[in-house]
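Asks: Take a look at this one; I'll ask things after.
The values are calculated or read from the model by the stated rules, or taken from the named source; none is laboratory data. Note that the structure is a prediction, hence the values are computed from the model and not measured. Every residue, glycine as well, gets a Cβ built from its backbone with ideal geometry; the counts of neighbours run over all protein chains shown. Keep in mind that these areas ignore ligands, DNA and RNA; they rest on the heavy atoms of the full protein, side chains included. Shrake-Rupley method; radii C 1.70, N 1.55, O 1.52, S 1.80 Å.
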Amino acid sequence: MFDILSLMVRYLFILLIYLFMFGIIRMIYLDIRGIRRRSSVTSTYLKLINKRDELPFNIEEYYTLNKDTTTIGRSSSNTLSIKDPYMSKRHATITNDRNQFFIEDLDSANGTFVNGEELLNPIRLENGDSIKIGQVNFLFVHEKNE
């Protein structure tokens, strides 16, 4: 009886080691895949901070800001349509004015937050700013070409 129990514990331990190794290999693969996608992204974009698996809706890892005006919201008529139930149909807009980006809340129900502070007026975005819209946290990345 003890031999059978000991054998089962050994096999369970080996299985746990293989699952751990699989998890490490999966993380490396996803990281490499993200780097490959990153190389195709333009110099100004929103990068998702949340873990995609934890959100109850589909979302991309990167959203490029290559238009003069980018609208964000739940409606499919927006430039960035994200089906977050805590996001308004037309939640916020990001405007490119001579390579300076400004964000404005469009009187959304739950508000827009930049670096933890609620957005009451349009403000200029800086590289590295954190943007929270609904359940989604983005990092604003603006690499200036010099």
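Asks: Once the Cα gyration tensor of the chain is found, what semi-axes does its equivalent ellipsoid get, as square roots of 5 times the eigenvalues, in whole Å, sorted largest first? Before the final figure, lay out the partial values.
Replies: Details: eigenvalues 346, 70, 30 Å².
One finds semi-axes of 42, 19, 12 Å for the chain.
Asks: Between Arg90 and Asn121, what length in nm is gained on full extension when 0.36 nm per residue of separation is reduced by their alpha carbon distance?
Replies: Working: separation 31, 0.36 × 31 = 11.16 nm, distance 1.61 nm.
Result for the pair: 9.6 nm of gain on full extension.
Asks: So what's the net charge close to Asp105: Lys and Arg +1, Asp and Glu -1, counting the other residues with Cβ under 12 Å from its Cβ?
Replies: Numbers: positive: Arg90, Lys132; negative: Glu104, Asp107, Glu117, Glu118.
Summing Lys and Arg as +1 and Asp and Glu as -1 gives -2.
Asks: Then there is this: Looking at region 50-146, send over the antiparallel percent of its DSSP beta bridges, to the nearest 5.
Replies: Values: 21 of 23 bridges.
So the antiparallel bridges in region 50-146 amount to around 90 percent.
Asks: Out of the trypsin sites (Lys or Arg not before Pro) in region 116-146, which ones are loop residues according to DSSP with at most 16 other C-beta atoms within 10 Å?
Replies: Those satisfying the criteria are Lys144.
Asks: In addition: Treating the beta-carbon of each Lys and Arg as +1 and of each Asp and Glu as -1, no other charges, what is the dipole magnitude of the chain about its Cα centre, to the nearest 20 debye?
Replies: Values: 18 positive and 18 negative charges, 111 e Å.
Computed about the Cα centre, the dipole is about 540 debye.
Asks: Follow-up. Can you compute the modelled spin-label distance between Arg10 and Ile25, with each label point 7 Å from Cα toward Cβ, in nm?
Replies: 2.3 nm
Asks: Separation of region 97-146 and region 68-84 by C-alpha centroid, Å?
Replies: With region 97-146 and region 68-84 each reduced to a Cα centre, they are spaced 14 Å.
Asks: What's the tally of Lys pairs in the chain whose alpha-carbon atoms lie under 24 angstrom apart, where the two lysines are 8 or more places apart or on different chains?
Replies: Total qualifying Lys-Lys pairs in the chain comes to 15.
Asks: With a probe of 1.4 Å, find how much accessible area region 47-146 has per residue, and write the answer as a whole number in Å². Let's see the in-between values first.
Replies: On the way: 5930 Å² over 100 residues.
Accessible area per residue: 59 Å².
Asks: Could I ask something else about it? 222 nm [θ] for the chain, helices only, -39500 (n - 2.57) per DSSP H run of 4+, per residue, to 500? Can you show the working numbers first?
Replies: Numbers: 1 runs with 38 residues, N = 146.
Calculated mean residue ellipticity at 222 nm is -9500 deg cm²/dmol.
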